[in-house]
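The values are calculated or read from the model by the stated rules, or taken from the named source; none is laboratory data. Because the structure is a prediction, the values reported are computed rather than measured. Every residue, glycine among them, receives a Cβ derived from its backbone with ideal geometry; neighbour counts consider all protein chains shown. SASA here: full protein model, heavy atoms, side chains in, ligands and nucleic acids out. Shrake-Rupley method; radii C 1.70, N 1.55, O 1.52, S 1.80 Å.
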Amino acid sequence: MNLLDLYNRLLETFGYQNWWPVDYDYHKIHKTDPKDEIIIGAILTQNTAWKNVEKALDNLKSKHALSLNVIKTMDINLLQSLIRPAGFFKRKSLILKEISNNMHDNIKRDELLNIKGIGKETADSILLYAYDKPYFVIDAYTKRILERVFNIKFKEYDEYAFFIKSQVQEDINLYKEYHALIVKLAKEHCLKKPLCEGCILKDSCEHMFTK
DNA sequence: CTCCAGGAAACAG
DNA sequence: CTGTTTCATGGA
């Protein structure tokens, strides 16, 4: 089994994940930019369960503040109270302020990485899901699954991205879907403490043979 | 109670 | 340059 086989198998099993989740109706009604929801969500979900991010996003919506333009001028204390459920709220409020002042539609990766609080994964999530740029998102799940399923381990973020991109065709929709499917598998079976029982990869996962 | 979640920066050695 | 700690909430 190679990386493309894994992708096809995950897709067959779980179907399209329809990432990134965006409330387009909200943005149509409030005349705000749907990309902002992806950018804000990408920051809020740093080391945080998505369930908690959803609460923060709902709070922002209730104040018509799911928008970088609104966040830019919003009182910092109010912002913190709205995003509190997503954790790290003091830090994240500063990151949101920073990005709301520096974001623009043809932003480059290096420029994103220069914003304090935006690391490689967050930058690539924004570039891929908000701007349809061909960056493969590498997160803790991706590393975990590569190591368990293929017994492959690197030191650097860029090594993971380079390797994966060398194994599949450059296709924006594949990049988007593959990452979403990896998250799905990681949440269903490939948890930190693996639930191999019932996992679709039971027959071909290196982890099953090496333990 | 402990552990973990769609990380990143600061800090220590 | 590599490993560890800090940041915080909420659910299992």
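Looking only at residues of region A:19-56 that are among the hydroxyl-bearing types (Ser, Thr, Tyr) and part of a helix (DSSP H, G or I), we find that the one that is nearest to DNA strand C (Cβ to nearest atom) is A:26.
Filter region A:27-46 for residues that are of a type in the set (Val, Ile, Thr) and either touching a Lys or Arg at 6+ places or on another chain (Cβ under 9 Å) or crowded, with 16+ Cβ neighbours inside 10 Å (or both); which is farthest from residue A:121 (Cα to Cα)? Selected residue: A:32. Within the set A:16, A:7, the sole residue that is away from DNA strand C (no atom under 16 Å from the Cβ), part of a helix (DSSP H, G or I), in contact with a helix residue (DSSP H, G or I) (Cβ under 8 Å, 6 or more places away or on another chain) and modelled with pLDDT of 95 or more turns out to be A:7. The lone criterion from (1) more than 28 Å from residue A:182 (Cα to Cα); (2) open to solvent by 50 Å² or more (accessible area, probe 1.4 Å); (3) not in a helix (DSSP H, G or I) left unmet by residue A:65 is number (2).
Every residue, every condition in (1) away from DNA strand C (no atom under 16 Å from the Cβ); (2) assigned by TED's automatic domain parsing to the domain that holds residue A:50; (3) surrounded by fewer than 16 Cβ atoms within 10 Å (Cβ to Cβ); (4) more than 18 Å from the chain's Cα centre (by Cα), yes or no:
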| residue | (1), (2), (3), (4) |
| --- | --- |
| A:69 | yes, yes, yes, yes |
| A:75 | yes, yes, yes, yes |
| A:88 | no, yes, no, no |
| A:93 | no, yes, no, yes |
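State whether the residues of region A:5-26 include one that is touching a Lys or Arg at 6+ places or on another chain (Cβ under 9 Å), open to solvent by 40 Å² or more (accessible area, probe 1.4 Å) and without any contact (Cβ under 8 Å) to a residue 60 or more places away in the chain. Yes.
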